[in-house]
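Here is the structure we will look at.
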Amino acid sequence: MNQQPRFAPIPFVDVAAQRRRLGARIDAAIARVLAHCQFIMGPEVAALEEKLAAFCGARHALGCASGTDALLLALMAKGIGPGDAVICPAFTFCATAEAVALVGATPVFADVDAATFNLDPTALEAALAAARRAGLTPKAVMTVDLFGLPAAYDAIAPIAAAHGLVVIADAAQSFGAVYHDRRVGTLAPLTTTSFFPSKPLSCYGDGGAVFTDDDDLAALMRSIRIHGQGADKYDNVRIGINGRLDTIQAAVLIEKLEIFADELAAREAIARRYDAALRDVAVVPRLPEGLTGVWALYTIRLPAGARDRVMAALAAQGIPTGVYYPKPLHRQGAYRHYPVAGNGLPVTDRLADEVLSLPMHAYLDEATQDRIVAALRAALNSV
């Protein structure tokens, strides 16, 4: 006789719950694409771009094949390449620095703020000095809105302007967030995002977008996105990439965007419940005044040395957790040779040893969340 598991497993991100809510609508949207057979740059792509721009208030939104391609489009549109430096945090997913390296430029790693996990504006000067010592020309600062919280744009922008740097907002985790009454997508000259399936606004594969208010940059990126196309596909006026968003993914995103505001409100309520239940046993995320996050991940900090035992205790009860990110970029093999600001990145290194992400999605019911909280508190009391 097969024994039933003692603890029913909890999904880290419950994509299936959203599928149950939207399944019929998405099936119909995909069927419309299958009927017209315009699978590349079909009408749904332009429709999605219009809706994305309207949602965040940007003048232009360009759909593309992935969040990484979105970063490439932004960097290529600004002509960033060999000999140039792009300042970015080391506490992020590799795509941030990867895109910089792919255009031939050099990522220069700066430290992050311990409370927000985002790029520390006070680290920028040290990063610029490190870039110049390496014989590089600083051209951009690539912020990362980690875990769904916008970076400190009002502090970063004047420093960038004083040094002639363009700010490229890597908002792969934060589309939908608000920064002092402005939505992500309008906080920097160029903003990129990802629609990877685990993101708050996601498609059924890879996808991304770039936002800008600059007409010339938008036109340039539209060309780069399709192999550097000019008047037609056989008139290539510049080097580009195959960065197109396919029509089926655009159709999926249109339907998901319709309920996105509702899902963001649900995520906020879940984050508040986590805060109230955990603030006395762990360091919970801090939301600066005037900002909202989209809670792409709900990430706490644990006492040094406790994380592995806590993760094991939760896993034994069917509760998944994640570590984003266990090894910062400046310690990974592909990136450890790039310049690092100052005398190392102590905050980044400390966070990598302490952070733990809990299940977070718009369909996390209170009973399941209470189960997660109870297990976490018990685990922490035993370490």
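The values are calculated or read from the model by the stated rules, or taken from the named source; none is laboratory data. Just so you know, these numbers come straight off a predicted model, no measurement behind them. Reconstructed Cβ throughout: ideal geometry from the backbone, glycine too, with neighbour counts over all protein chains shown.
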Arg273 modelled with pLDDT under 95 and surrounded by fewer than 17 Cβ atoms within 10 Å (Cβ to Cβ): no
How many residues are of a type in the set (Gly, Ala, Ser), assigned to a loop (DSSP other than H, G, I, E, B) and closer than 20 Å to Glu354 by Cβ when one looks only at the range 264-308? 6
Conditions (1) without any contact (Cβ under 8 Å) to a residue 40 or more places away in the chain; (2) assigned to a loop (DSSP other than H, G, I, E, B); number of the one not met by Asp349: (2)
Criterion (out of contact with any Asp or Glu (no Cβ under 6 Å at 6 or more places or on another chain), closer than 30 Å to Pro138 by Cα and either in a helix (DSSP H, G or I) or basic (Lys, Arg) (or both)) met by exactly one of His337, His330: His330
Which condition number in (1) part of a helix (DSSP H, G or I); (2) in contact with a helix residue (DSSP H, G or I) (Cβ under 7 Å, 6 or more places away or on another chain) is the one that Ala31 fails? (2)
I'm checking my understanding of the structure. Among residues of the range 225-245 that are in contact with a helix residue (DSSP H, G or I) (Cβ under 8 Å, 6 or more places away or on another chain) and crowded, with 16+ Cβ neighbours inside 10 Å, which one is farthest from Ala296 (Cα to Cα)? Gln229
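For every residue, the table says whether it meets (1) exposed (fewer than 15 other Cβ atoms within 10 Å of the Cβ); (2) among the hydrophobic types (A, V, I, L, M, F, W, C); (3) closer than 22 Å to Ala296 by Cβ; (4) out of contact with any Lys or Arg (no Cβ under 7 Å at 6 or more places or on another chain).
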site: Asp27; (1), (2), (3), (4): yes, no, no, yes
site: Thr68; (1), (2), (3), (4): no, no, yes, yes
site: Ala85; (1), (2), (3), (4): no, yes, no, no
site: Cys88; (1), (2), (3), (4): no, yes, yes, yes
site: Val103; (1), (2), (3), (4): no, yes, no, yes
Only listed residue being in a loop (DSSP other than H, G, I, E, B), modelled with pLDDT of 95 or more, of a type in the set (A, V, I, L, M, F, W, C) and more than 23 Å from the chain's Cα centre (by Cα), chosen from Ile372, Ile319: Ile319
Hits in the range 233-260 (condition: of a type in the set (Lys, Arg) and assigned to a loop (DSSP other than H, G, I, E, B)): Lys233, Arg238, Arg244
Residue ID - nearest to Val210 (Cα to Cα), chosen from residues in the range 179-196 that are buried (at least 24 other Cβ atoms within 10 Å of the Cβ) and over 14 Å from the mean Cα position of the chain (by Cα): Leu190
Segments classed as helices (runs of 4 or more DSSP H), wholly inside the range 60-170, with at least 2 members that are over 21 Å from Gly243 (Cβ atoms): 124-133, 153-162
Tally of residues being buried (at least 20 other Cβ atoms within 10 Å of the Cβ) and of a type in the set (Gly, Ala, Ser) across the range 354-374: 1
Restricted to the range 289-304 and to residues being free of Cβ contacts under 8 Å to residues at least 60 places away in the same chain and either surrounded by fewer than 18 Cβ atoms within 10 Å (Cβ to Cβ) or touching a Ser or Thr at 6+ places or on another chain (Cβ under 7 Å) (or both), the residue nearest to Val383 (Cα to Cα) is Ala304
Filtered residues of the range 342-364 (kept if more than 16 Å from Leu297 (Cα to Cα) and of a type outside the set (Lys, Arg)): Gly342, Asn343, Gly344, Leu345, Pro346, Val347, Thr348, Asp349, Asp353
All but one of (1) farther than 28 Å from Pro121 by Cβ; (2) part of a strand (DSSP E or B) hold for Ala24; state the number of the condition that does not hold. (2)
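For every residue, the table says whether it meets (1) in contact with a Leu (Cβ under 9 Å, 6 or more places away or on another chain); (2) in contact (Cβ under 8 Å) with a residue 12 or more places away in the chain; (3) under 17 Å from Leu190 (Cβ atoms); (4) not assigned by TED's automatic domain parsing to the domain that holds Asp365.
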site	(1), (2), (3), (4)
Gln38	no, yes, no, yes
Glu44	yes, yes, no, yes
Glu49	yes, yes, yes, yes
Phe55	yes, yes, no, yes
Ala61	yes, yes, yes, yes
Leu72	yes, yes, yes, yes
Pro82	no, yes, no, yes
Thr96	yes, yes, yes, yes
Val100	yes, yes, yes, yes
